[in-house]
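Below: the structure, in structure tokens.
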Ligand SMILES: O=S(=O)(CCO)c1ccc(-c2ccc(C3CCCC3)c([C@@H]3C[C@@H]3c3ccccn3)c2)cc1
């Protein structure tokens, strides 16, 4: 099949983001602060500014029982579920279906006073990754979202300020087979989730407001999304 113009960028970005997501917090350089904790979920951020704008990188690690990495990535990637779990979303459009595992989105997010409303144009790619550490261990799944230009949707022409984001959701399924050899149920699976994101707000927004928004919204987002996947999958066959 003919390669899509974005494919080389997508492939390079996915490999780079997954390599970073797999690194422990200690290996990710200094300056990470644990800013939220809820049971198994630990959320870190680093305070960073670009041209006076807050672009604090975020890294969250979470372990959720009863769901698999494939399921987590499926519900994160598919547009048809997004309004169910993404509370700051005002509008979402699929601009282009690049392939069955790669989409281009336009999203507008609810305005966060006093900042002006934001929008994002990004490609989103879902991929199963060989578990190169442990050959017979379960595979890993990832979704990478990365802002891109779209000639038919130039930045900052309307009322919305264009943000620039890079997001990586990396999922590692763990299976604890029952001792008595009975079939695997959801009690025997769990998923280690690593969520990394860098959001450049694209235009000035008060640092104190943005940091307060990040502190409030990110823990809420990950909790709400993982709870959503648990509820969507509990009565369905396990998707490995
Ligand atoms: O993981 S995703 O790819 C899922 C697809 O939707 C994604 C997550 C988050 C965003 C996002 C976009 C804008 C903003 C702000 C920046 C200035 C004013 C609006 C925020 C702020 C951080 C707060 C936030 C955090 C978490 C969830 C939603 N909101 C987040 C975009 C995409």
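Only the coordinates and a few stated rules stand behind these numbers; no lab work does. Values in this document were obtained by computation on a predicted structure and should not be read as measured data. Neighbour counts are summed over all protein chains in view; Cβ atoms, including those assigned to glycine, are modelled from backbone coordinates with ideal geometry.
Here are the numbers:
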{"read-out": "Sorted by Cβ density within 10 Å, fewest first, the residues 67, 238", "value": "238, 67"}
{"read-out": "Modelled FRET efficiency - R0 35 Å, residue 37 with residue 3, Cβ distances, 0.05 increments", "value": "0.20"}
{"read-out": "Principal-axis tilt of helix 207-233 within the chain, Cα atoms, nearest 10 degrees", "value": "30 degrees"}
{"read-out": "Fully extended contour minus Cα-Cα distance, from residue 175 to residue 30, at 0.36 nm per residue", "value": "48.9 nm"}
{"read-out": "Rounded to 5, the percent of DSSP beta bridges in the chain classed as antiparallel", "value": "95 percent"}
{"read-out": "Rounded to 5, percent antiparallel among DSSP beta bridges of segment 115-240", "value": "95 percent"}
{"read-out": "For the chain, calculated [θ]222 nm from helices alone, where every DSSP H run of n ≥ 4 adds -39500 (n - 2.57)", "value": "-7500 deg cm²/dmol"}
{"read-out": "Nearest 10 degrees, 0 to 90: helix 7-22 Cα axis against the chain principal axis", "value": "70 degrees"}
{"read-out": "Over segment 20-99, equivalent-ellipsoid semi-axes from the Cα gyration tensor in Å", "value": "26, 20, 13"}
{"read-out": "Gain in span if fully extended, residue 240 to residue 131, counting 0.36 nm per residue against the direct Cα distance", "value": "37.9 nm"}
{"read-out": "Label point distance in nm, residue 185-residue 227, each placed 7 Å from Cα along Cα→Cβ", "value": "2.5 nm"}
{"read-out": "Nearest-0.05 FRET efficiency for residue 100 and residue 12, computed from C-beta distance (R0 25 Å)", "value": "0.75"}
{"read-out": "Rounded Å value of the spacing that divides the Cα centres of segment 132-196 and segment 32-78", "value": "11 Å"}
{"read-out": "Choice from 131, 145, 200 with maximal GNM fluctuation in the chain (Cα, 10 Å cutoff)", "value": "131"}
{"read-out": "Prolate/oblate/rounded call for segment 1-134, Cα gyration tensor, a/c under 1.5 rounded", "value": "rounded"}
{"read-out": "Value in Å of the Kirkwood radius, where segment 186-234 supplies the Cα pairs that are averaged", "value": "13.3 Å"}
{"read-out": "Per-selection Kirkwood Rh - the chain (Cα, Å, 1 d.p.)", "value": "18.9 Å"}
{"read-out": "Exposure proxy ranking, count of Cβ atoms within 10 Å, fewest first, for 50, 14", "value": "50, 14"}
{"read-out": "GNM top mover of 136, 11, 180 - the chain, alpha-carbon springs below 10 Å", "value": "180"}
